[in-house]
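One structure is given below, encoded as structure tokens.
The values are calculated or read from the model by the stated rules, or taken from the named source; none is laboratory data. From a predicted model like this one, the values you see are computed outputs, not experimental measurements. Glycine also receives a Cβ, built like all others from the backbone with ideal geometry; neighbour counts cover every protein chain displayed. Accessible surface areas use protein heavy atoms only, side chains included; no ligands, DNA or RNA. Shrake-Rupley method; radii C 1.70, N 1.55, O 1.52, S 1.80 Å.
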Amino acid sequence: MTDKVLSPPNHVEPLVFTRDQLDWLPWLEPMAEQDLTARHMAGLVDAARAKSPYFRLLARDPEVLEARTRTDKDIFYNPEAGLPRAERELAAAATSRYNGCIYCASVHVRFAATYSKRVDDVDHLLAEGVGVNLDARWNAIVAASVALTSTPIAFGPEHIDGLRKVGLDEASIVDVINAASFFNWANRLMLSLGEPAAAGKG
């Protein structure tokens, strides 16, 4: 049995990057919430994610979803060492901005703005793109994230040196690499499965 392909929805699709909260509309039929079994819920990790059509779509392969979700949570929520949360979110936001994923960028710029309190800088990144001049530390994080996103081979010793020069230790550099790499993959997955919509307009 093949997945049902949904008809293009009649909705307001955002055409510019924004900090606004957005909806996401799948092109394939997600699982119905009432059909999620204990196995699917284990894959979601966080029961609240059952409300999300994106995660209900990924729940069709619950083992892969569980690995994906636990990786995501460890990269962004593990407080033991490494980058402050705001700069992990900055790496994800820069990656999403470069890849053109309006939905993912909206999520991660909100977090970056909330945790850093640098709302103007976050808005400049959205409006001007990844070439924007923020400050030395944020510029280095954005540059490293974009290099990894463009093609992994573009990321080299100069990016590591640039991160070290602005004060990042080894654990922090690993956080930049992990956040950018994870969202380089996640953007492509989300962009291939659906599209963003203005909240409440889908």
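Among the residues making up segment 35-51, those that are touching a residue at least 24 places away in the same chain (Cβ under 8 Å) and either exposed (fewer than 11 other Cβ atoms within 10 Å of the Cβ) or small (Gly, Ala, Ser) (or both) are Ala42, Gly43. Residues that are under 25 Å from Ala197 (Cα atoms) and touching a residue at least 24 places away in the same chain (Cβ under 8 Å): does segment 152-172 have at least one? No, segment 152-172 contains no residue that is under 25 Å from Ala197 (Cα atoms) and touching a residue at least 24 places away in the same chain (Cβ under 8 Å).
Selection within segment 113-130: residues that are β-branched (Val, Ile, Thr) and in a helix (DSSP H, G or I). The member of this set that is least open to solvent (accessible area, probe 1.4 Å) is Val122. Within segment 140-151, is even one residue in a loop (DSSP other than H, G, I, E, B), modelled with pLDDT under 95 and of a type outside the set (D, E, K, R)? Yes - at least one qualifying residue is present in segment 140-151. Close Cβ contacts (under 6 Å, 6 or more residues apart or on different chains) running from residues in segment 74-92 that are at positive phi to residues that are of a type in the set (A, V, I, L, M, F, W, C) and in a helix (DSSP H, G or I) comprise Gly82/Ala171.
Of the residues making up segment 168-202, those that are open to solvent by 60 Å² or more (accessible area, probe 1.4 Å) and either part of a helix (DSSP H, G or I) or assigned by TED's automatic domain parsing to the domain that holds Asp135 (or both) are Asp169, Glu170, Val174, Asn178, Trp185, Arg188, Leu191, Ser192. Between Arg137, Arg110, Arg164, the distinction of being part of a helix (DSSP H, G or I), open to solvent by 50 Å² or more (accessible area, probe 1.4 Å), within 22 Å of Asp23 (Cβ to Cβ) and modelled with pLDDT of 95 or more belongs to Arg110 only.
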